[in-house]
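The values are calculated or read from the model by the stated rules, or taken from the named source; none is laboratory data. Keep in mind the model is a prediction, meaning the values are calculated, not measured. Cβ placement follows ideal geometry from the backbone for every residue including glycine, while neighbour counts extend to all protein chains displayed.
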Amino acid sequence: MDHKTIGFIGAGHLAQPLIQHLIDAGYRLYLYNRTVSKLEAFRHQAHICHSVSELCKQVQIVISLIADDHALAQLNPDIVSHLPENGIHVSMSTVSPQLIRQLHQDYVSKQRILLSAPIMGRPEAARAKAIHICISGDAAAKKQIEPVLRDMGARQIFDYGENPMHANVAKLGINFLLAAAMEAMAEAYHLVESYQLDAGQFYQMITSTLFSCPAYQGYGKLILQQNFDDAQFSVRLGLKDVNLVRQAAAAQQISMPLTETVARHLQQAMENGWAEKDWSAFTTFAREKA
């Protein structure tokens with residue numbers, strides 16, 4: 001099996017452009033997704049597998065990009081059992097560091113390799129080959145997988161060492177900063193609007209001066225326009241990630257008060273029936289009167 005033969009598990013909004021980039025780069029792909037219909041677009045370009053075990057028996061490298069801890073924990077026994085010895089599993093999901101630590105122990109005991117490589121970037125960034133990746137785990141395996149990640153569309157890869165859980169800690173830090181930025185922007189809009197200032201003018205000022213960066217420019221516009229229906233990352237997944245941040249902080253016995261505010265507003269969005277709206281919708285509840 002050569003490095004151009006890859007297994008890919010998952011076919012969500014973020015996974016689909018990554019799969020297409022690999023196909024376009026000449027990779028021979030074996031694909032699995034619980035909902036098979038999401039792989040229909042690739043039926044004539046890749047091998048569609050009916051089980052994780054079938055996929056793992058065909059490849060040396062498996063990439064997974066799935067929703068949460070529960071999904072990864074369910075799939076993992078089949079992955080670690082059916083990958084060949086010294087096979088590599090690259091987990092690109094945003095999951096808890098504690099789960100990655102537990103899984104890593106299992107991989108070591110069975111002479112398989114687990115790398116953690118969560119993604120920074122929404123589906124539109126994936127389509128444009130403009131994602132960024134945190135990675136950690138075995139050094140030789142990282143060197144082997146880097147060309148695959150580049151072909152997938154990684155613009156930058158940040159190496160967090162040989163402990164697989166560390167990349168997940170970094171990713172949770174990133175997602176917390178995004179959520180905190182959205183909370184801050186919504187509260188700032190609320191302040192200026194309460195004094196009859198134009199929030200649109202305020203947005204133009206902040207995103208062309210001190211906060212001229214993708215997080216403020218992209219999410220700032222969504223919050224300003226309240227354009228939450230075209231969900232590239234949902235409220236449901238946002239709450240999942242913020243709860244992972246809370247759990248990670250609790251594990252280290254550190255305080256992150258802003259996380260509690262964001263979690264409360266995300267929960268309000270869920271209770272309002274907005275689970276599948278874009279996660280920036282939670283900022284609606286940051287703009288309400290006290």
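Worth pointing out:
- Whichever residue in the range 147-194 is part of a helix (DSSP H, G or I) and charged (D, E, K, R) and, among such residues, is nearest to A248 (Cα to Cα): K171
- When residues of the range 163-209 are limited to those that are among the β-branched types (V, I, T) and in contact (Cβ under 8 Å) with a residue 40 or more places away in the chain, the one surrounded by the fewest Cβ atoms within 10 Å (Cβ to Cβ): I174
- Test: residue in the range 57-64 that is of a type outside the set (A, V, I, L, M), modelled with pLDDT of 95 or more, in a strand (DSSP E or B) and over 12 Å from G10 (Cβ atoms): no
- When residues in the range 127-162 are screened for being more than 13 Å from H3 (Cα to Cα), surrounded by 15 or more Cβ atoms within 10 Å (Cβ to Cβ) and small (G, A, S), 5 of them pass.
- Pairs, first over 18 Å from Y160 (Cβ atoms) in the range 92-117, second of a type outside the set (D, E) and assigned to a helix (DSSP H, G or I), C-beta under 7 Å, six or more apart: D106/V80; K110/V80; R112/V80
- Residues of the range 127-146 satisfying the condition of being under 30 Å from S81 (Cβ atoms) and not in a strand (DSSP E or B): G137, D138, A139, A140, A141, K142, K143, Q144, I145, E146
- Selected residue (criterion: farthest from N168 (Cα to Cα)) from residues of the range 95-123 that are touching a strand residue (DSSP E or B) at 6+ places or on another chain (Cβ under 8 Å) and in a loop (DSSP other than H, G, I, E, B): R112
- For the range 217-230, residues that are surrounded by fewer than 19 Cβ atoms within 10 Å (Cβ to Cβ) and either under 19 Å from the mean Cα position of the chain (by Cα) or assigned by TED's automatic domain parsing to the domain that holds I131 (or both) total 2.
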